[in-house]
Amino acid sequence: MQVAKILNFKKHIKLTEDIVIVSQLGLTMAGSILFCFAIGYYLDKWLNTKGLFITLFILLGIIGGGYTVYRQIMEITQKDGDGKPERGS
């Protein structure tokens, strides 16, 4: 009974939306880094290099993930009151 009061998503809609946004940003960043790590790992294994491509692709994953997260944050903060992105930007 007490858990149902805490998990009332309609009552805490703003908190729920914020948790969803933070989760999405975190998963975007982690997914970008893991994807690039996998590419670097298999290139190192295939070309018999010792960590060169892993390092390079992890850095690219961090940069690409950071840029994607930045774009998502800018898109979220530029929405007007009805939830639609502003035109002309």
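The values are calculated or read from the model by the stated rules, or taken from the named source; none is laboratory data. Treat the numbers as computed from the prediction; the structure is a model and nothing was measured. Note: ideal-geometry Cβ built from the backbone for every residue, glycine included; neighbour counts use all protein chains shown.
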*Quick check, is Ser32 assigned to a helix (DSSP H, G or I), hydroxyl-bearing (Ser, Thr, Tyr), under 9 Å from the mean Cα position of the chain (by Cα) and at pLDDT 95 or above?*
yes
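For every residue, the table says whether it meets (1) loosely packed, with under 13 Cβ neighbours inside 10 Å; (2) closer than 22 Å to Gln72 by Cα.
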| site | (1), (2) |
| --- | --- |
| Leu25 | no, yes |
| Tyr41 | no, no |
| Asn48 | yes, no |
| Gly51 | yes, no |
*What pairs can you find where one residue is in segment 38-57 and without any contact (Cβ under 8 Å) to a residue 40 or more places away in the chain, the other is exposed (fewer than 15 other Cβ atoms within 10 Å of the Cβ) and part of a loop (DSSP other than H, G, I, E, B), and their Cβ atoms are less than 8 Å apart, with a gap of 6+ or different chains?*
Leu43/Thr49; Asp44/Lys50; Asp44/Gly51
